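The values are calculated or read from the model by the stated rules, or taken from the named source; none is laboratory data. Note that the coordinates shown come from a computational prediction; the quantities given were computed from them, not determined experimentally. Cβ: placed from backbone, ideal geometry, glycine included. Neighbour counts: every protein chain shown.
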Amino acid sequence: MILGMGVDIIEIHRMKDSVKKWGKSFLTKIFTPREIKYSTARRFSHQHFAARFAAKEAVVKAFGEPNKHPIRWTDIEVLNDKEGKPVIEFHNDALKLKKKKKVGGVVVSMSHSDNYAIANVILMRRAK
């Protein structure tokens with residue numbers, strides 16, 4: 001059963017401008033070391049950072065009531081499995097919320113073009 005769904009789209013230039021303006025302090029506030037390593041290793045790193053940020057936003061939207069459950073961006077980690085498929089790992093407060101909401105599965109899809117990155121996240125309720 002679907003518990004929640006979230007979608008987010010971001011303009012790539014906004015991510016590029018933020019990284020240019022605030023540098024490493026911006027990256028470490030939003031992304032984990034593994035996300036930074038993955039994205040900076042890619043030719044168009046800003047597209048990968050933007051897609052990951054969109055996925056984090058989509059997770060927050062899928063949980064619902066974002067002001068009621070504040071989560072640090074680094075508590076939601078967007079990685080890739082061995083086949084390259086995006087996966088979400090939850091840490092700290094995000095993991096607590098995942099358990100509280102009885103989330104059993106997470107489906108994530110991300111895409112980007114030259115100008116935009118988009119992500120969709122579906123949270124599935126854990127089977128009883």
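Data table
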read-out: Residues located in region 65-81, provided they are part of a loop (DSSP other than H, G, I, E, B) and among the hydrophobic types (A, V, I, L, M, F, W, C); value: Ile71
read-out: Residue check for Phe53: farther than 16 Å from Phe90 by Cα, in contact with a helix residue (DSSP H, G or I) (Cβ under 9 Å, 6 or more places away or on another chain), in a helix (DSSP H, G or I) and modelled with pLDDT of 95 or more; value: no
read-out: From Ala94, Ala41, Ala117, Ala62, residue being within 14 Å of Val7 (Cα to Cα) and out of contact with any Gly (no Cβ under 9 Å at 6 or more places or on another chain); value: Ala117
read-out: Which listed residue, of Ala54, Ala94, is farther than 13 Å from Ala117 by Cβ, of a type in the set (Gly, Ala, Ser) and in contact with a strand residue (DSSP E or B) (Cβ under 8 Å, 6 or more places away or on another chain); value: Ala94
read-out: So Leu97, is it at pLDDT 95 or above, of a type outside the set (Asp, Glu) and within 17 Å of Glu57 (Cα to Cα); value: no
read-out: Candidate set from region 33-65 (those that are closer than 24 Å to Met124 by Cα and among the β-branched types (Val, Ile, Thr)); member that is surrounded by the fewest Cβ atoms within 10 Å (Cβ to Cβ); value: Val60
read-out: Residue in region 50-64 that is touching a residue at least 24 places away in the same chain (Cβ under 8 Å), within 21 Å of His13 (Cβ to Cβ) and touching a Lys or Arg at 6+ places or on another chain (Cβ under 7 Å) present; value: no
read-out: Of all residues in region 1-23 being in contact (Cβ under 8 Å) with a residue 12 or more places away in the chain and in a helix (DSSP H, G or I), the one that is surrounded by the most Cβ atoms within 10 Å (Cβ to Cβ); value: Met15
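Here's the yes/no breakdown for (1) touching a residue at least 12 places away in the same chain (Cβ under 8 Å); (2) over 18 Å from Glu11 (Cα atoms); (3) of a type in the set (A, V, I, L, M):
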residue: Ser25; (1), (2), (3): no, yes, no
residue: Lys37; (1), (2), (3): no, yes, no
residue: Gln47; (1), (2), (3): yes, no, no
residue: Ile71; (1), (2), (3): yes, yes, yes
residue: His91; (1), (2), (3): yes, yes, no
residue: Lys101; (1), (2), (3): yes, yes, no
residue: Ala117; (1), (2), (3): yes, no, yes
residue: Arg125; (1), (2), (3): yes, yes, no
